[in-house]
Amino acid sequence: MSINATSSLGMCKRCGDLRMIACSGCKGTGLVKEGGALSFTFIDDMYESLGGDSKVKTIRCSKCQARGRFCCPECSKAQSV
Ligand SMILES: [Zn+2]
Ligand SMILES: [Zn+2]
């Protein structure tokens with residue numbers, strides 16, 4: 001009867017032992033497209049006057065702080081203790 005054998009295999013089943021998991025908010029890119037209904041039109045105008053591309057804005061993903069991935073919570077948990 002070995003029920004509790006999953007956590008001692010060395011391979012994290014959550015991240016596949018990468019110790020990182022991709023951010024679901026930006027899909028690992030660190031950037032998210034600003035395409036929602038948020039009213040950033042005044043910034044849009046600023047961008048246009050500066051000659052920037054205002055059609056597709058990308059902003060830093062706030063979920064992962066633009067890193068595109070997180071430290072795996074399972075692995076960091078195991079490490080810190
Ligand atoms: Zn992200
Ligand atoms: Zn992990």
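Points worth noting:
- Amide H contacts under 5 Å for residue 69: 23, restricted to partners 5 or more places along the chain or on a different chain, H placed in the peptide plane at 1.01 Å from N.
- Amide H contacts for residue 58 (H built 1.01 Å from N in the peptide plane; partners 5 or more residues away or on another chain; cut-off under 5 Å): 34.
- Straight-distance crosslink candidates among lysines, where the alpha carbon sits under 18 Å from residue 13 and sequence neighbours closer than 8 are dropped: 77
- Here the simple spin-label model places points 7 Å from the Cα toward Cβ, and for residue 29 and residue 14 these points are separated by 2.6 nm.
- Amide proton proximity set for residue 20, modelled H, under 5 Å, gap of 5+: 72
Each value in this text was obtained by applying a stated rule to the coordinates, not by laboratory testing. Quick caveat: nothing in here was measured; it's all calculated off a predicted structure. Glycine gets a Cβ as well: all are built from the backbone with ideal geometry, and neighbour counts include every protein chain shown.
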